[in-house]
Amino acid sequence: MPVDAVTTAPALTVQGVSKRFGELQAVRDVSFEVAAGELLAVIGPNGAGKTTLLSILAGILPADGGSVAQPEGTTERIGWVPQQTAIYGKLTVAQNLRLFAKLEGVADPDATVARMLDQTGLAERAGDELGKLSGGNRQRVNIAVGLLADPPVLLLDEPSGALDPRQRERLWGFITALTERGTAVIFCTHDIAEAERHGQRILVLADGELLFNGTAAELKAASQAGERDLEQAFVSFLRDRGH
Amino acid sequence: MRWMLLKDLQILRRSKLLVGLLIVYPVAIALLIGFALSSGPDKPRLAYFDQIPAGETTIKLGGDELDVRAYTDGLFDAVDRIDVDSRAQALEAVRSGEALAGLIIPPDFVRKLSNGGLSSAEVEVVYNGDALKQSFVRSTVTSNLARADAALARQISTVASGYIDIVGEGGKINVLGLQFDLLGLRESKTLLDSAIEQSDSPSLTRKLVPVRDFAALGVSNIDRFKDVLNTVERPVRVSETVLEGRRTPLDTFAVALAVTVSLMFVCVLLASGLLALEREENTFSRLARGLVPGGRLLAGKVVLAAGCAFVVTLVMLLGISAFVPLDYGRAALWIVALAVSAVAFGTLGVAIGSLAREVRAASLLALMLALPLAFLALVPSGGVSPLLYDVIRVISAAFPFKPSLDAIDAAVNDASPNLALSLAHLAALTVVFGAAARFGLRRFA
Ligand SMILES: Nc1ncnc2c1ncn2[C@@H]1O[C@H](COP(=O)(O)OP(=O)(O)O)[C@@H](O)[C@H]1O
Ligand SMILES: [Mg+2]
């Protein structure tokens, strides 16, 4: 954990957040903090409530209770990369980026778009219609749109799902660079290995409940079987708690 | 909103097929409606109330008898006849839509027809004032009346000119079953000429000469008398009764209808599709994070859809005006009616779009709603039972089609109800559907 994460105010404070869909309690009284420059992995089985939690943090879904707070005086929006690509299939890569740069109100839209195209390696695809790109490239644009405004907190919902290993590598290099510049990143995944490799801290979510908040080593230690493999530790951790 | 509008235009530019369809479709609809209306049904139904007492259906012209059935039956060549027993029943049949028109023959029809002259016979025709069918029925009925009339007039003048011939040339005449030989003017003149020649009484000659001159005048003018007879073309007068409603000529009403249908389709399909697209592409959730407030998102779609539909239909109106004479002096009113209607339809479109998750579902929903609305708005006042008609009126009033049709008809044709009322109705519907769309957006993400 970076040193300054302890000393400065958290970049995001989540307090007692709950969400119910009819009978289903999708998120149950979840509280945690994330520091600037921290890379936080949220893991949990499918249907655990990861997407619901991130949507609440992003301000798309209203929570039934609890609060999500940024440090006082923060005006920047939380960055959000949804699980399903959220870009216009009929626009080109550059048109998509430019539109959202303008809607986000970034200072120099054209320069930002050029920078984003360069960083995501999509410059030669700038004029291509989104709908004609491969799934991996679409996801890269989807991620790029979330990064346009250079947000202090970035939420990534299963960001690497559609990417091939090379693209994935490139993505994580990119995200690590962001955290080094002080961006707080929360990503969720059901890929335990990815969480272990990139997450500085891990949150375990099951049936909407936050069961664990700590490092990978702590999670391994917490499983009674004393597993050395995080994936097995995770499974037995859940089983021990009746999930 | 500017960037979103620009974005939607870029999307439309890449959707050439869709845009092409949205332009071709209204034009096709316009042509179909125009065609359907101008051909009209084959045989309209006609309520027929005949008050001529049985056995009094013949006119006696001298010894000849003319049966007026020959006249009335001629009316039914092109219509289906429904016999009714009173004038009230005939009116009711027309009002209820059972019959498209009523024809009432008064009891004194035959008597007046035989008298001729000043007390000319009269029939009453009852129309429904509904523009859609009125024009067709009116032309059917009047052309049949005119045909029957002409046939009767021909018969009368044939009989009458026969008499004139006998008066001129002499011949046999039938009076009350007895045959008489009639001398004729020509023969009279010949006889008078020789009488005058042989007469040696100057006083008798003085008395005969004017009579002979009279006979000569008659003989030389017989053909002119017959011509005068032929100009008496319409022995029967038609009195018209129009039951409620306005009188928009059919073809200009069809223009208003075609324009309204096109406006509805372009607006509703575009607005609902563009809004549903935001959801289908998941972009709505991005926008909803304070990037584009819901109200502004909806307004953008309405403006774009209404703008496109406005241009398409205005061009359509101008194009139609090349074939159907429209009053350009009212063009400012067209613009107002089209613009207000377009905004109302666009708002209905976003309300539909906010219900659907995908563009295809939105388009289907839009079509499924728009088509029946158009049909309902065209159900004539008497076409269905009064209760059902009231239900239809309430449904029609709850959606923009009927008030738009009224507004555009009023703007183009100066038809009632007045334009301001329809515009106010549309404004109210815009507010209602705008609120519905906002509500739908809340469960959109
Ligand atoms: N809009 C919704 N309406 C009803 N149920 C929902 C909705 N969104 C998610 N759910 C349910 O909430 C639970 C959590 O879903 P989600 O957050 O997507 O899980 P995860 O992302 O961890 O796979 C699931 O059971 C899902 O079916
Ligand atoms: Mg998910």
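Looking at segment A:175-193, can you tell me whether even one residue there is assigned to a helix (DSSP H, G or I) and either within 16 Å of ligand 2 (Cβ to nearest atom) or within 14 Å of chain B (Cβ to nearest Cβ) (or both)? Yes: segment A:175-193 contains one or more residues that are assigned to a helix (DSSP H, G or I) and either within 16 Å of ligand 2 (Cβ to nearest atom) or within 14 Å of chain B (Cβ to nearest Cβ) (or both).
Of the residues contained in segment A:28-36, one or more are found to be of a type in the set (V, I, T) and within 16 Å of ligand 1 (Cβ to nearest atom). Selection of segment A:123-156 for residues being closer than 23 Å to A:V14 by Cα and either within 16 Å of ligand 1 (Cβ to nearest atom) or within 14 Å of chain B (Cβ to nearest Cβ) (or both) yields A:G146, A:L147, A:A149, A:P151, A:V153, A:L154, A:L155, A:L156. Looking across segment A:8-28, the residues that are touching a residue at least 40 places away in the same chain (Cβ under 8 Å) and charged (D, E, K, R) come down to A:K19, A:R20, A:R28. Within the set A:V185, A:V93, the sole residue that is closer than 29 Å to A:A233 by Cα, away from ligand 1 (no atom under 16 Å from the Cβ), modelled with pLDDT of 95 or more and surrounded by 20 or more Cβ atoms within 10 Å (Cβ to Cβ) turns out to be A:V185. Within the set B:A337, B:A366, B:A276, B:A299, the sole residue that is surrounded by 24 or more Cβ atoms within 10 Å (Cβ to Cβ), at pLDDT 95 or above and either in contact with a helix residue (DSSP H, G or I) (Cβ under 9 Å, 6 or more places away or on another chain) or not assigned by TED's automatic domain parsing to the domain that holds B:A398 (or both) turns out to be B:A337.
Given B:V324, B:V255, B:V315, which one is out of contact with any Cys (no Cβ under 9 Å at 6 or more places or on another chain) and either within 14 Å of chain A (Cβ to nearest Cβ) or without any contact (Cβ under 8 Å) to a residue 12 or more places away in the chain (or both)? Within the list B:V324, B:V255, B:V315, the selection yields B:V315. Looking only at residues in segment A:6-54 that are touching an Asp or Glu at 6+ places or on another chain (Cβ under 8 Å) and in a helix (DSSP H, G or I), the one that is nearest to ligand 2 (Cβ to nearest atom) is A:T51. The residue pairs whose first member lies in segment A:37-48 and is closer than 13 Å to A:A26 by Cα, whose second member is within 11 Å of ligand 2 (Cβ to nearest atom) and β-branched (V, I, T), and whose beta carbons are closer than 9 Å, counting only pairs six or more residues apart or on different chains, are A:A48/A:V42.
Residue by residue, here is whether (1) hydrophobic (A, V, I, L, M, F, W, C); (2) farther than 23 Å from A:E76 by Cβ holds:
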site: A:A149; (1), (2): yes, no
site: A:P152; (1), (2): no, no
site: A:Q167; (1), (2): no, yes
site: A:I175; (1), (2): yes, no
site: A:A184; (1), (2): yes, no
site: A:C188; (1), (2): yes, no
site: A:R197; (1), (2): no, yes
site: A:Q200; (1), (2): no, no
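Can A:E76 be described as closer than 19 Å to B:G290 by Cα and loosely packed, with under 15 Cβ neighbours inside 10 Å? The answer is yes for A:E76. Please determine whether any residue of segment A:157-171 is within 16 Å of ligand 1 (Cβ to nearest atom), modelled with pLDDT of 95 or more, crowded, with 21+ Cβ neighbours inside 10 Å and more than 14 Å from chain B (Cβ to nearest Cβ). Checked against the condition, which is being within 16 Å of ligand 1 (Cβ to nearest atom), modelled with pLDDT of 95 or more, crowded, with 21+ Cβ neighbours inside 10 Å and more than 14 Å from chain B (Cβ to nearest Cβ), segment A:157-171 yields no hits at all. Among residues of segment A:68-122 being more than 10 Å from every other protein chain (Cβ to nearest Cβ) and in contact with a Phe, Trp or Tyr (Cβ under 8 Å, 6 or more places away or on another chain), the one that is farthest from A:S134 (Cα to Cα) is A:Q119. Looking only at residues in segment B:205-238 that are among the hydrophobic types (A, V, I, L, M, F, W, C) and under 21 Å from B:L113 (Cα atoms), the one that is modelled with the highest pLDDT is B:F225.
Among the residues examined, A:G135 does not qualify as surrounded by fewer than 18 Cβ atoms within 10 Å (Cβ to Cβ), at positive phi, over 15 Å from the mean Cα position of the chain (by Cα) and more than 16 Å from ligand 2 (Cβ to nearest atom). Residues in segment A:99-155 that are in a helix (DSSP H, G or I) and of a type outside the set (F, W, Y): 35 in all. Residues of segment A:49-61 that are more than 12 Å from ligand 1 (Cβ to nearest atom) and either without any contact (Cβ under 8 Å) to a residue 24 or more places away in the chain or among the hydroxyl-bearing types (S, T, Y) (or both): A:G59 alone. Whether any residue in segment B:317-334 is among the β-branched types (V, I, T) and in a helix (DSSP H, G or I) is what I want to check. Yes, segment B:317-334 contains at least one residue that is among the β-branched types (V, I, T) and in a helix (DSSP H, G or I). Listed residues A:L133, A:L103, A:L148, A:L117; which is aliphatic (A, V, I, L, M) and free of Cβ contacts under 8 Å to residues at least 24 places away in the same chain? Result of the check over A:L133, A:L103, A:L148, A:L117: A:L103.
Residues being away from ligand 2 (no atom under 16 Å from the Cβ), of a type in the set (A, V, I, L, M) and exposed (fewer than 13 other Cβ atoms within 10 Å of the Cβ) are represented in segment A:110-118 by at least one member. Checking each residue in segment A:55-86 for being within 14 Å of ligand 2 (Cβ to nearest atom) and closer than 23 Å to A:F212 by Cβ picks out A:S55, A:I56, A:L57, A:A58, A:Q83.
Here is the figure for segment B:268-312: residues that are out of contact with any Ser or Thr (no Cβ under 9 Å at 6 or more places or on another chain), small (G, A, S) and within 11 Å of another protein chain (Cβ to nearest Cβ) total 2.
Of the helices (runs of 4 or more DSSP H) entirely within segment B:52-125, those holding at least 2 residues that are hydrophobic (A, V, I, L, M, F, W, C) and modelled with pLDDT under 80 occupy B:109-115. One residue is enough: does segment B:369-376 have a residue meeting the conditions away from every other protein chain (no Cβ under 14 Å), in contact with a Phe, Trp or Tyr (Cβ under 6 Å, 6 or more places away or on another chain) and either under 14 Å from B:M264 (Cα atoms) or modelled with pLDDT of 90 or more (or both)? So far as segment B:369-376 goes, yes, one or more of its residues are away from every other protein chain (no Cβ under 14 Å), in contact with a Phe, Trp or Tyr (Cβ under 6 Å, 6 or more places away or on another chain) and either under 14 Å from B:M264 (Cα atoms) or modelled with pLDDT of 90 or more (or both). The residues in segment A:156-174 that are of a type in the set (A, V, I, L, M) and part of a loop (DSSP other than H, G, I, E, B) can be counted, and the count is 2.
The values are calculated or read from the model by the stated rules, or taken from the named source; none is laboratory data. It should be emphasised that the depicted structure is a prediction, and the values quoted were computed from it without experimental measurement. Here the Cβ is made from the backbone with ideal geometry for all residues, glycine too, and neighbour counts use every protein chain on show.
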